[in-house]
Amino acid sequence: ESRGAHLFACTGCGACCRWSGHVLLSGEDIRRLAAALDLSEEAFIQKYTGLARTRRQLTLLDAEDGACILLEDKRCSVYHARPAQCREFPFAATTPDECPGLRGTNP
């Protein structure tokens with residue numbers, strides 16, 4: 001089933017940035033995020049990432065409350081540079097029905 005962009009209306013609740021799971025990072029994601037935070041790639045990796053459970057890729061760390069480390073006041077602090085996984089949300093999500101922006105939008 002495909003969902004068109006017209007079926008999604010972000011509510012700005014930040015729930016998508018509080019789900020358990022990993023935001024896996026590509027090399028391009030790391031370059032973009034480091035630049036947005038005015039850090040070297042190495043400094044970004046040290047401060048904001050950890051090794052994913054698969055031990056094959058880096059993932060964003062969680063804040064103490066379990067939310068994404070880059071979430072500030074229900075908003076992504078680096079929205080313009082967010083990772084590809086976040087850019088594809090909720091359409092590539094495995095549990096999109098949990099997103100309030102999709103409620104009642106199933107055809």
- Task: Take D65 and decide whether it is open to solvent by 50 Å² or more (accessible area, probe 1.4 Å), outside any helix (DSSP H, G or I) and at pLDDT 95 or above.
- Result: no
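Residue by residue, here is whether (1) touching a His at 6+ places or on another chain (Cβ under 8 Å); (2) surrounded by 12 or more Cβ atoms within 10 Å (Cβ to Cβ); (3) at pLDDT 65 or above holds:
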| residue | (1), (2), (3) |
| --- | --- |
| L60 | yes, yes, yes |
| E72 | no, yes, yes |
| V78 | no, yes, yes |
| A81 | no, yes, yes |
| C86 | no, yes, yes |
| P100 | no, yes, yes |
| N106 | no, no, no |
- Item | Residue among L33, L39, L24 that alone is in contact with a strand residue (DSSP E or B) (Cβ under 6 Å, 6 or more places away or on another chain), at pLDDT 80 or above and open to solvent by less than 90 Å² (accessible area, probe 1.4 Å) | L24
- Query: Which one of these does T49 not meet: (1) modelled with pLDDT of 95 or more; (2) surrounded by fewer than 13 Cβ atoms within 10 Å (Cβ to Cβ); (3) in contact with a strand residue (DSSP E or B) (Cβ under 8 Å, 6 or more places away or on another chain)?
  - Reply: (2)
- Message: Consider region 18-38. How many of its residues are outside any helix (DSSP H, G or I) and either under 13 Å from the mean Cα position of the chain (by Cα) or under 19 Å from D62 (Cβ atoms) (or both)?
- Response: 10
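The values are calculated or read from the model by the stated rules, or taken from the named source; none is laboratory data. All of these numbers come straight from a predicted model, not from anything done at the bench. So basically every Cβ, Gly included, is an ideal-geometry build from the backbone, and we count neighbours across all protein chains shown. Ligands, DNA and RNA are stripped out before the accessible areas are found, and what is left, the full protein with its side chains, is counted by its heavy atoms. Shrake-Rupley method; radii C 1.70, N 1.55, O 1.52, S 1.80 Å.
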